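The structure appears right after this line, and notes come after that.
The values are calculated or read from the model by the stated rules, or taken from the named source; none is laboratory data. Only a predicted model underlies this, so the values are computations on that prediction, with no experimental measurement involved. For neighbour counting, all protein chains shown are included, and Cβ atoms are generated from backbone atoms with ideal geometry for every residue, glycine included. Ligands, DNA and RNA are stripped out before the accessible areas are found, and what is left, the full protein with its side chains, is counted by its heavy atoms. Shrake-Rupley method; radii C 1.70, N 1.55, O 1.52, S 1.80 Å.
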Amino acid sequence: PKRDLEPEEMLRIIFEYAAKIANERTLENVLMLMADMGRAMIVSDRCTVWLLDKHKDELWSKVAHGLDEIRIPSSAGLVGYSVMNDRAVFIDDAYTNEEYKSFLEHGALRTDQQTGYRTQALMVIPFKNSEGEIMGAYQAINKLTASGQFSAKDMEYLTLAASYAGKSLESALLTNEIEETQKEIIFRMGEIGESRSKETGNHVKRVAEYSYLIALGLGLGQEEADLLKMASPMHDIGKVAIPDAVLNKPGKLTDEEFKLMQNHTVIGYNLLKNSSRRILKTAALVAYEHHEKWNGRGYPRGISGEDIHIYGRITAIADVFDALGSERVYKKAWELDRILQLFQEERGQHFDPAVVDVFFEQLPALLRAREEYADV
Ligand code: C2E
Ligand code: FE
């Protein structure tokens, strides 16, 4: 077993983490640093920071980089109990505890069954924001010192850790809220462009996801992939200006109608191009170039090859992949085999051959994304 920290070790950990947390902007990182800080301070095996999402009535947490967040109903388990009742909970052995038996059976014990972990000592401490409202809870599992039990001192330490992180946490939460709102506005704008959002509201999300995966597969880097993911949902925003009779025409468009339809690229470009914001500038480019073709037979400008920006070449394939796989007012959804055949045929014609190659490499991931955002 380990031992509890000496005062100078405790101070070193507090200084170290308080400095790191103060410099952190993203919510995910603040949460993970808080968890690490708590774990180090009380010498526990595991430590998780849970946040209360009042809008959804849920508790959520982020355990590792890249992994999705976990969400539970805010009344579920011991954490829910602790947060709802503003009470710290100490348990010496989760397997023999009677008082919280039903909570444990739905929480820690069930998780243990799935993972083979053995939860013994468990502690949950709610924490508050500067207004005194409960923000969430610290959950610690298995004390690594000889006693094997969490003590009132440990509770004090976690409360201290929460108060050190409090300001950074609140500001990261606010930033997160703003960013989530921005993303949602972008998707909603994209859906307006689709203008048939009732049936294919997920189209823009799928195109975003495909573009992102292909960008990463091409080696564009995380930042550009993220940028394209946020910008690509707006590729068809110019369709807002296309009359319903054309946009929703059940049959094939006449030449004249198709000419009109093609304007959605230029209209979208003009709507967005004057922004100085990187996401909107990128969206303008994508709106402008997503119907250009590698062989120069696309529109609106008929540019070809690498004159088409790589973002345009990526979104082109993402858009067509989704359009072919979905039902439209003017066509049925295609079988996957037929879609793949078209991409083989159009490799080097409609589409950049390098992007088609990455498309095929990434196909399993693309199909998972298609499942995840399927129209229901
Ligand atoms: P969209 O429905 O989102 O389709 C995007 C692109 O997917 C199309 O660009 C085209 O490259 C590809 N695509 C979609 N369906 C088919 C298909 O059945 N066969 C093949 N080979 N490719 C397909 P495109 O052609 O430039 O069309 C742009 C937009 O114009 C379409 O967006 C759609 O909103 C509209 N549109 C195109 N053709 C028709 C039509 O016959 N009737 C109606 N009502 N709208 C059409
Ligand atoms: Fe389009």
In whole Hz, the Karplus estimates of ³J(HN,Hα) for the stretch 135-148 (6.51, -1.76, 1.60; θ = phi - 60°; x where Gly or Pro) are 9, x, 8, 8, 10, 10, 10, 6, 6, 8, 7, 4, 4, x
One quarter of the C-alpha convex hull surface, i.e. the mean projected area of the stretch 20-75 in nm², amounts to 4.6
For the stretch 319-332, Karplus-derived ³J(HN,Hα) couplings (6.51, -1.76, 1.60; θ = phi - 60°; whole Hz; x for glycine and proline) come out as 5, 5, 4, 6, 4, 5, x, 10, 7, 10, 4, 9, 7, 7
Which residues qualify? For Thr145, with a placed amide H closer than 5 Å and at least 5 residues away or on another chain, they are Lys2
Checked against the positive end of the charge dipole of the chain (+1 on Cβ of Lys and Arg, -1 on Cβ of Asp and Glu, about the Cα centre), the farthest of Phe359, Leu52, Ala333 is Ala333
Rounded to the nearest 10, the angle in degrees between the Cα long axis of helix 152-194 and the longest principal axis of the Cα atoms of the chain comes to 10
For the chain, the percent of accessible surface on carbon and sulfur atoms (probe 1.4 angstrom, ligands and nucleic acids excluded) is 50
Between Lys128 and residues 5 or more places away or on another chain, the pairs with built amide H atoms under 5 Å apart involve Met135
By accessible area (1.4 Å), largest first, Met261, Met123, Met155 order as Met155, Met261, Met123
Quick calc, the stretch 94-152, dipole around Cα centre from Cβ unit charges on Lys, Arg (+) and Asp, Glu (-), nearest 20 debye, gives 220
Quick tally, 1.4 Å probe accessible area for Ser102, Ser61, sorted with the most first, runs Ser102, Ser61
Under a 1.4 Å probe, counting only protein heavy atoms, Tyr117 has an accessible area in Å², nearest 10, of 40
With Gln344 itself left out, Lys, Arg at +1 and Asp, Glu at -1 over residues whose Cβ is under 12 Å from its Cβ give -2
Using alpha carbon centers only, the stretch 153-198 is separated from the stretch 19-39 by a whole-angstrom value of 15
Expressed per residue, the solvent accessible area of the stretch 1-110 in Å² (1.4 Å probe) is about 57
Rounded to whole angstrom, the alpha-carbon centroid of the stretch 64-143 lies from that of the stretch 246-314 at a distance of 51
Once normalised by the length of the chain, the mean sequence separation of its alpha carbon contacts under 8 Å that are 6 or more apart gives a contact order in percent of 12
To the nearest 20 debye, the chain has a Cα-centred charge dipole, built from +1 on Lys and Arg Cβ and -1 on Asp and Glu Cβ, of 640
